[in-house]
Structure formats: C-alpha cells, structure tokens
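J.: Take this structure first; my questions come after.
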Amino acid sequence: IGTFKPKKNLPEGSHQYELLKHAEATLGSGNLRQAVMLPEGEDLNEWIAVNTVDFFNQINMLYGTITEFCTESNCAVMSAGPRYEYHWADGTNIKKPIKCSAPKYIDYLMTWVQDQLDDETLFPSKIGVPFPKNFMSVAKTILKRLFRVYAHIYHQHFDSVIQLQEEAHLNTSFKHFIFFVQEFNLIDRRELAPLQDLIEKLGSKDR
C-alpha cells in the first residue's frame, strides 16, 4: 500500500496555519482538555477543519508504521476486536456496504477523507470563503471514520505498535483526538464503544 499523500499543507502565514501553530503550542503545555478548546474569537468550523486535517495526517503516519502487518491475510476483515466489524460504503461510489479486508477498507477510507479535505467547497482554504451549511455533518462523518482506524490499530496491531516503540505516540494522538471529539460532541457514544475502556482510562487520568 502506498502511504497517502498528506493533505495539502496549510500555506504559511495563512490564518489556518496560525491556528495550527496555536494548537501545537497549547498541546505542548500538556493540558489536553484546555488545548482542544475553541480559542477565543475563533470560528468553530475553522477550528474543527484545522484539527480534522491534523488528525488525518497523524493517523496516516501512525497507520503507515504498521502497514506491513496489516495485510489481506492477517486482517481479512476490518475489525476492532471480535465484536466489531466494519463494512465500507461512501454513499457515492459504493452505496451498499461491502465486506473487505482491513487494508482495503482503510485505503478506501483514507482516500475518501483525502477527497473531502481537498474539496474547496467543503474545506475552503481561502480567507473569507464561508464553510458550507453541511460542513459539521461532513466533519462528523470524517472523524467517525478516522476513529475506526485507531480502533483497528489498538485491537489488532497493538503488539506491533509496542515492538516499534510507537505506543506513546499512538496514545498521545488518540487522547488528543478523543478529547477533541468530546469537547465538541462530534462522535456518537455508540460509535466509540470499541475503545470505551481506553477512553475512560485516558479521561480519568485527567480529572
């Protein structure tokens, strides 16, 4: 599998670039609950857009480290433990959910997300171009699907993650992701069930 080309980088000096820099700076402070909050005076859609792009890039990198273990034979279905299996549909090219291997599913998923992020009508990169009315529902669908990649990695590939000494990186990324979606209520609790124990553990450390 080729790794996915990262989302077009935000132009330096642009407002979205500044927002990303702000996000990185507050992340460094170590207080994730605070780091995910909407900065004062900022547009919620824009904050969600910048962070969604960032999560996409992070997950891309994390999944990239374990692609050699996530194969058609090792992962014949896209699962997150024995109780959760995902079938792919995007509503346009594939309308009826299809059962496919995890690498195929993740390839479909990341390509679909990339297409959304590259769509200027959905994710405008120019200052002053408004976000569309359906932006929030698109962002929620993207984040819901990106969650499934984390869930698959944790359930099926955590041994490899530990071998590669990537677990701190994975945990930090996932904790940031979860705190972000919790702050703005972006993913339904039902969807988070495969990693519920981990989510509670991550949250309790922070109270």
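The values are calculated or read from the model by the stated rules, or taken from the named source; none is laboratory data. All of these numbers come straight from a predicted model, not from anything done at the bench. Note: ideal-geometry Cβ built from the backbone for every residue, glycine included; neighbour counts use all protein chains shown. Accessible surface areas use protein heavy atoms only, side chains included; no ligands, DNA or RNA. Shrake-Rupley method; radii C 1.70, N 1.55, O 1.52, S 1.80 Å.
J.: Report whether or not residue 179 is open to solvent by less than 70 Å² (accessible area, probe 1.4 Å), in a loop (DSSP other than H, G, I, E, B) and more than 24 Å from residue 78 (Cα to Cα).
T.: Criteria not met by residue 179.
J.: Going through 71, 65, 52 one at a time, which residue ends up being farther than 14 Å from residue 148 by Cα, in contact with a Leu (Cβ under 7 Å, 6 or more places away or on another chain) and modelled with pLDDT of 95 or more?
T.: Among 71, 65, 52, only 52 is farther than 14 Å from residue 148 by Cα, in contact with a Leu (Cβ under 7 Å, 6 or more places away or on another chain) and modelled with pLDDT of 95 or more.
J.: Quick check on my filter: what residues within the range 68-84 are more than 21 Å from residue 164 (Cα to Cα) and of a type in the set (Phe, Trp, Tyr)?
T.: Scanning the range 68-84 gives a single hit, 84.
For (1) free of Cβ contacts under 8 Å to residues at least 24 places away in the same chain; (2) surrounded by fewer than 17 Cβ atoms within 10 Å (Cβ to Cβ), each residue gets a yes or a no:
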| position | (1), (2) |
| --- | --- |
| 98 | yes, yes |
| 114 | no, no |
| 117 | no, no |
| 121 | yes, yes |
| 136 | no, yes |
| 139 | no, no |
| 144 | no, yes |
| 147 | no, no |
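J.: Looking at the range 59-74, is at least one residue open to solvent by less than 20 Å² (accessible area, probe 1.4 Å) and β-branched (Val, Ile, Thr)?
T.: Checked the range 59-74: at least one residue is open to solvent by less than 20 Å² (accessible area, probe 1.4 Å) and β-branched (Val, Ile, Thr).
J.: Moving to a separate point now. Just one of (1) touching a residue at least 40 places away in the same chain (Cβ under 8 Å); (2) of a type in the set (Phe, Trp, Tyr); (3) open to solvent by less than 30 Å² (accessible area, probe 1.4 Å) trips up residue 131, so point out which.
T.: The number of the failed condition is (3).
J.: Moving on to the next point. Test residue 104 against the stated conditions and say whether it is open to solvent by 60 Å² or more (accessible area, probe 1.4 Å) and more than 19 Å from residue 56 (Cβ to Cβ). Spell out the reasoning first.
T.: On the way: open to solvent by 60 Å² or more (accessible area, probe 1.4 Å): yes; more than 19 Å from residue 56 (Cβ to Cβ): no.
Considered against the rule, which asks whether it is open to solvent by 60 Å² or more (accessible area, probe 1.4 Å) and more than 19 Å from residue 56 (Cβ to Cβ), residue 104 comes out as no.
J.: What's the total number of residues in the range 164-175 that are part of a helix (DSSP H, G or I) and open to solvent by 10 Å² or more (accessible area, probe 1.4 Å)?
T.: 6
J.: Kindly provide the set of residues from the range 69-83 that are touching a strand residue (DSSP E or B) at 6+ places or on another chain (Cβ under 9 Å) and not β-branched (Val, Ile, Thr), ordered by number. Walk me through how you get there before you give the answer.
T.: Taking the range 69-83 first, the residues touching a strand residue (DSSP E or B) at 6+ places or on another chain (Cβ under 9 Å) are 77-80.
Listed by number, the residues that qualify are 78, 79, 80.
J.: If the requirement is being among the acidic types (Asp, Glu), touching a residue at least 40 places away in the same chain (Cβ under 8 Å) and in contact with a Ser or Thr (Cβ under 9 Å, 6 or more places away or on another chain), which of these qualifies: 166, 183?
T.: 166
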